[in-house]
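Taking it in order: structure first as structure tokens, then the write-up.
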Amino acid sequence: MNKQFLLYVTIFISVLLFGCTSRHIPAPVSSLNNNVNDLSNTININGDDYKVQKGDTLYSIAFSAGQDFRSLAKNNLIPSPYIIFPGQSISLLPPPKKIKSDEKYTNSSKKSRKNTQKNNIILKKELDPPKQREYVQKQASNKVSKNEQLSSSKVQWFWPAKGKITKRFSNKENGYKGLQITNKKGATVLAAAQGTVVYAGNALRGYGSLIILKHNDDYLSAYAHNSKLLVKEKQKVKAGQKIAEIGNSESPVTALRFEIRYRGQAVNPARYLP
């Protein structure tokens with residue numbers, strides 16, 4: 001009887017000890033960050049402000065927002081050479097216009113002034129002959145294109161890669177804003193003109209491994225979806241210099257996406273390339 005009692009006691013103590021030790025075994029942990037393509041640091045312009053991430057440049061932010069880097073710098077009081085810091089807030093809106101004390105009006109006077117201006121515009125349109133109005137509109141559009149041509153004439157453009165053009169520029173809202181030049185992975189990407197590297201990285205969502213070159217104060221060119229980047233930021237490059245290799249980073253197609261930006265706005269590269 002005593003032996004049987006001792007056996008029960010021994011078993012009970014063993015079970016108790018096992019339970020105590022098992023409590024010190026850590027519970028299994030499942031990682032919540034198993035995505036190797038983590039895009040938490042990618043530039044995603046959505047709203048009136050953007051918080052600077054590590055690796056950003058003012059040029060890459062302006063490029064993603066479709067703005068002129070000079071205007072963005074001016075609106076945020078960022079002097080040349082446009083140095084920004086992680087965590088810095090960049091306003092994507094122009095600053096509010098200051099109203100002088102003697103320029104304040106009551107609601108009624110504001111409405112009266114607007115009505116007067118509207119009537120003056122209508123009256124002017126009625127007085128101007130249709131041909132003259134058409135001529136003025138053409139002159140205005142020509143003035144913009146002449147400024148663009150004058151600035152572009154200072155840049156000597158070359159084709160950035162060999163291959164087949166599988167997508168062309170479109171002015172539609174969601175249209176392709178460049179040229180897609182398809183070729184095999186590792187094919188050479190050339191600088192389309194002499195310039196300075198103002199961005200080299202993969203923080204712009206949808207562009208993969210990207211290079212942005214500044215050619216003058218008006219023109220930038222972009223080279224996206226590369227498999228390898230061969231230049232660094234602030235590096236000066238010559239026209240025709242190898243700067244990258246074609247790839248398919250953030251793209252289902254192995255091809256170069258080539259863009260030209262004039263004062264922040266995408267323009268048709270076919271108009272500039274020989």
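At-a-glance table
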quantity	calculated
Distant-in-sequence amide H partners of Lys228 (H built 1.01 Å from N, under 5 Å)	Glu245
Phi-based couplings in Hz for region 232-238 (Karplus 6.51, -1.76, 1.60; Gly and Pro marked x)	10, 4, 6, 7, 8, 10, 9
Rounded to whole Hz, the Karplus (6.51, -1.76, 1.60) HN-Hα couplings of region 213-220, x for glycine and proline	10, 9, 9, 7, 5, 9, 10, 10
Whole-Hz ³J(HN,Hα) from phi, Karplus 6.51 cos²θ - 1.76 cosθ + 1.60, for region 240-250, glycine and proline x	x, 6, 5, 10, 6, 10, 4, x, 9, 5, 6
Contour minus Cα-Cα distance for Lys51 and Gln241 (0.36 nm per residue)	65.0 nm
Relative packing of 205-211, 86-92, which averages over residues the other C-beta atoms within 10 Å, highest first	205-211, 86-92
Cα gyration tensor shape for region 49-91, rounded if a/c is under 1.5, else prolate or oblate	rounded
Distant-in-sequence amide H partners of Tyr176 (H built 1.01 Å from N, under 5 Å)	Ser170
Sum of side-chain charges, Ala244 neighbourhood, beta-carbon under 13 Å (Lys, Arg +1; Asp, Glu -1)	+4
Projected label distance in nm at Asn268 and Phe85, using a 7 Å step from Cα toward the beta-carbon	4.6
Cross-link table Lys54/Lys162; Lys154/Lys236; Lys74/Lys214; Lys167/Lys238; Lys74/Lys234, entries beyond 23 Å C-alpha to C-alpha	Lys54/Lys162; Lys167/Lys238
Cα centroid separation, region 196-211 to region 62-79 (Å)	17
Cut-off under 5 Å, modelled amide H: who pairs with Arg205 long-range	Ile43
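Read-outs: derived from the displayed coordinates by stated rules, not from any lab. All values reported here derive from a predicted model rather than from experimental measurement. Cβ atoms come from the backbone with ideal geometry, glycine included; neighbour counts cover every protein chain shown.
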